[in-house]
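Below is one structure, written out as structure tokens, with a few remarks after it.
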Amino acid sequence: MISPDNTVLPLCDLAPTYVRDIAPYQSGKPIDEVARELGISYTDIVKLASNENPLGFSPRVASVVNQHMGEISRYPDSDGFHLKRQLAEKLNVFSDQIVLGNGSNDILELVASAFLSSTGSAVYSEHAFIVYHLATKASGAKGIVTPAKNFGHDLQAMIQAIESDTRVIFIANPNNPTGTFLQREEIESFLNDVPASILVVLDEAYYEYLSKDEQLPSNSWINRFPNLLVCRTFSKAYGLAGLRIGYGIAHRKIVELLNRVRQPFNVGSIAQLSAVEALKDESFIEESVKLNVMGMQQITSTFQAKNIFFIPSKGNFVTFRVNNAVEIYDSLLKQGVIVRPVGGYGLKDFLRVSIGLQKENKKFINTLLKTLQG
Ligand SMILES: Cc1ncc(COP(=O)(O)O)c(C=O)c1O
């Protein structure tokens, strides 16, 4: 419901210009909203708009949530002891080299709070994950956007774009919404070239969807590159998007700085417990990756057969080109298929679809083809 009160509040005009200039984040439409607004039954709607895991989450998580419901009246462990210990063991780092976040989005914002200010700048690529821009702007810093190369990051251009006040470089690998991927050698050589005074944020939100030989040993690189912060999340392959939990791995001095600007209880207790259980269930991740590979093939083979241009993706989503992307998006929505417009990413003729269950992908494909035939 929108409040009917249209009063102008002069105090809002006193907020810093860099805050008032921020365009709000456009999230994927929730199923509930589409059902309400378009009068479509909830069960007839397919949401392929937010790169969520269509299999849900590990059954181990469900049982731990039920078991610990009684504890929600207590504050969570502010230090995330158990989860950090488990992550440290898995990633072969120390607990004090890990910072937990309310989603990995939180880690990106902690970086901006700790390292950026109105006298600094951050470098990120055209078509890169939009939160780099939002977090940079919210800190009052300047955003330096480098042109993309084949829709992905141009690391040479990013090095050249560094200015004397640059404090942070954001890189998504794979990137969302393009799904583009940088190889190990490219990133290693980039890290060797970046001045030690600049923090490189390597955002690996889709890490688990990569094949084993594509997964970079980035967690071990934090010992070689003290200016590297790697962030990952439980929102994607682990299927815990609604619980909001992610983490960063970095030199302990960097972690210590991020902890200074972190809310003391930024990660809830059920989220921490769920993440611990989710980490133990490797077969759930294997099953999720397998389903993603099949679904990606199901969707992209249709794109190929129908001459629909798409950007090859290493994530659990794929971005494709259509004429009149906004109209096609609206038409799909009215037919109960939620995808994601990516005009805000400088890709105005494109839409992004997340890989779903086989039957969801099928509904998307059939509805898209019908819509394109008009
Ligand atoms: C590249 C990338 N990084 C970070 C995030 C943030 O995810 P979360 O805050 O749910 O961990 C996303 C979510 O879509 C993403 O695509």
Chymotrypsin sites (Phe, Trp or Tyr not before Pro) within the range 209-306: DSSP coil, no more than 15 neighbouring Cβ in 10 Å | F265
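Would you mind telling me the antiparallel percentage of the DSSP bridges in the chain, rounded to 5?
Values: 19 of 38 bridges.
In the chain, DSSP labels about 50 percent of beta bridges as antiparallel.
For the range 46-144, state which GluC sites (Glu not before Pro) are in a DSSP loop and have at most 12 other beta carbons lying within 10 Å of their beta carbon. It would help to have the intermediate numbers written out before the result.
Details: sites: E52, E71, E89, E109, E126; in loops: E52, E126.
Counting only loop positions with at most 12 other Cβ atoms within 10 Å, none of the GluC sites (Glu not before Pro) in the range 46-144 qualifies.
Please identify the chymotrypsin sites (Phe, Trp or Tyr not before Pro) of the range 1-81 that satisfy two criteria: DSSP loop assignment and at most 16 other Cβ atoms within 10 Å. Which are they? Before the final figure, lay out the partial values.
Numbers: sites: Y18, Y25, Y42, F57, F81; in loops: Y25, F57.
Those satisfying the criteria are Y25.
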For the chain, the longest stretch holding no trypsin sites (Lys or Arg not before Pro) located in a DSSP loop with at most 13 other Cβ atoms within 10 Å is which?
-> 75-211
Considering lysine pairs in the range 61-280 that are 8 or more places apart or on different chains, how many have Cα atoms under 26 Å apart?
-> 17
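Given the range 61-280, what percent of its DSSP beta bridges are antiparallel, to the nearest 5?
Working: 10 of 27 bridges.
Antiparallel bridges: around 35 percent, rounded to the nearest 5.
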Over the chain, what is the mean sequence separation of C-alpha contacts under 8 Å (at least six apart), divided by residue count, expressed as relative contact order in percent?
-> 23 percent
Dividing the helical contributions, -39500 (n - 2.57) per DSSP H run of n ≥ 4, by the residues of the chain yields a 222 nm value, nearest 500 deg cm²/dmol, of -12000 deg cm²/dmol
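Which of the three applies to the range 144-230, rounded, prolate or oblate, going by the alpha-carbon gyration tensor with a ≥ b ≥ c and a/c under 1.5 meaning rounded?
Details: a/c = 1.93, a/b = 1.21, b/c = 1.60.
Oblate, since a/c reaches 1.5 and b/c is not below a/b.
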For the chain, what value does the Rg/Rh ratio take when both radii are computed over Cα atoms and Rh is the Kirkwood radius, given to two decimals?
-> 0.96
Taking the dipole of the chain about the Cα centre (Lys, Arg +1; Asp, Glu -1; charges at Cβ), the one of I285, T43, V267 that reaches farthest to the positive side is T43
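Taken together, the values in this text are just the output of simple stated rules run on the coordinates, not laboratory data. Since the model is a prediction, treat every value here as computed from it, not as a measurement. FYI the Cβ positions are ideal-geometry reconstructions off the backbone, even for glycines, and counts take in every protein chain you see.
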